[in-house]
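Comments concern the structure below.
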Amino acid sequence: MEKLVSIRGAITAKNTKDGIAAAAVNLVDRLYFKNGLTDGDVVNIVISVTPSLTAASAAQAVRESGHAVPLMSCAEPEVKDMVKGVIRVMITAYSDKPPRHIYLNGARALRKDIAGSYAVALDGPSGAGKSTVAKLVAAKLGITYLDTGALYRALGLKCLREGVEATDAVGAENCLRDAKVTIEYENGVQKVLLDGEDVSGSIRTPEVSMAASAVSAHPYVRGKLLDIQRDIAKKSSVILDGRDIGTVVLPDAEFKFFLTASAEIRAKRRFDELTAKGQSVTYEDVYNDVVTRDRNDSTRAVAPLKQAFDAIAVNSDDMSAEDVANDIIKYILGDINEI
Ligand code: DC
């Protein structure tokens, strides 16, 4: 049922006309997006700015960006030790969901209680560069990285080792019922343990990739791995890469990205990676694996690979992993509004 909610947000801005306008519009647009609002739901928007932001009116910029709702701007008094250059927004709106607040940039420090930790969901097909990007983002933002594919790979490995057909739902469930998968971090590097054994090195072969894709289609397997992923996300700010993070594992993630690239480019990247590790593979085999896994991952009945409605799509065909990571970081920090 719809009721009146009060949605809060804040962002820091430079004291220039463009700096204030971009930050205010960015924040209001994100609050609308995150809370599923349109102007028709909104009763009013109140914006306040700290005393140093004198170059432009934040409310005027929001109005000029196209929001036809009652808007009010006010100046905050100078307060000892205040965070400087802050734009605060309060949106009163009708909504059937609890309010989702957003604190960006230096303004995160203002409300550690609601802005303290955040989750980043990075989904996409195999070979799109998710793990490289996620590692860079995690290192630069100082947050935890979880490669969720490693969990499915560990279970795929167990089936292979026990000679169980990974596509057989009943056989796989029997084989995996007592399997214990755990994640540990050593100097910030993720290790995946299967029944206490560190299998991080054994799960990166093409055979394990296919077995992981096959086991990941079984509802039993997805259920078994759900809590492990959510538990890690509860502890601190995180970035999880996978297929269903934004849709199933963390549907409330503060930031969601869907990273894609053409099958040819993804196969080429995977081929280079495998040959660099000394594995003997052909480009054709790797390409066929990529296409088969795409099909398996996107057509399975449970939690298929799918872009969440509120995820930002990024095509990495012409971008390096560093470029993608830098854009994602800037977006998370509120320095840019689109990628
Ligand atoms: O990301 P990866 O290639 O390491 O993943 C291996 C397989 O595991 C992939 O083909 C699909 C599956 N997977 C999944 O279904 N859901 C996830 N969140 C991560 C991986």
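Please arrange Leu122, Leu157, Leu37 by how many other C-beta atoms lie within 10 Å of their C-beta, fewest to most.
Ordered from fewest to most neighbouring Cβ atoms within 10 Å, Leu122, Leu157, Leu37 come out as Leu37, Leu157, Leu122.
With a ≥ b ≥ c taken as the square roots of the eigenvalues of the C-alpha gyration tensor of the range 248-339, please select rounded if a/c is under 1.5 and otherwise prolate if a/b is larger than b/c or oblate if it is not?
It comes out oblate by the Cα gyration axes.
Within a Cβ distance under 13 Å of Asn296, other residues only, what is the Lys/Arg minus Asp/Glu net charge?
So the environment of Asn296 carries a net charge of +1.
How large is the helix-only mean residue ellipticity at 222 nm for the chain, computed as the sum of -39500 (n - 2.57) over DSSP H runs with n ≥ 4, divided by its residue count, in deg cm²/dmol to the nearest 500?
-12000 deg cm²/dmol
What is the packing order of peptides 239-246, 6-13, 323-330, taking the mean over residues of other C-beta atoms within 10 Å and listing the highest first?
Descending mean neighbour count gives 239-246, 6-13, 323-330.
Give the shape of the range 1-129 as rounded, prolate or oblate, defined through the alpha-carbon gyration tensor: a ≥ b ≥ c are the square roots of its eigenvalues, a/c under 1.5 means rounded, and otherwise the shape is prolate if a/b is larger than b/c and oblate if not.
It comes out oblate by the Cα gyration axes.
Given a cut-off of under 8 Å on Cα pairs at least six residues apart, what relative contact order in percent is computed for the range 114-266?
45 percent
If one computes the Cα centroid of the range 309-339 and of the range 20-90, what distance in Å separates the two points?
Centre-to-centre distance over Cα atoms comes out at 24 Å.
According to the square roots a ≥ b ≥ c of the eigenvalues of the Cα gyration tensor, what is the shape class of the range 153-282, taking rounded for a/c under 1.5, prolate for a/b larger than b/c otherwise, and oblate for the remainder?
rounded
Bear in mind these aren't lab numbers, they're just calculated from the coordinates by the rules spelled out. From a predicted model like this one, the values you see are computed outputs, not experimental measurements. All Cβ positions, even for glycine, are placed from backbone atoms using ideal geometry, and neighbour counts span all protein chains on display.
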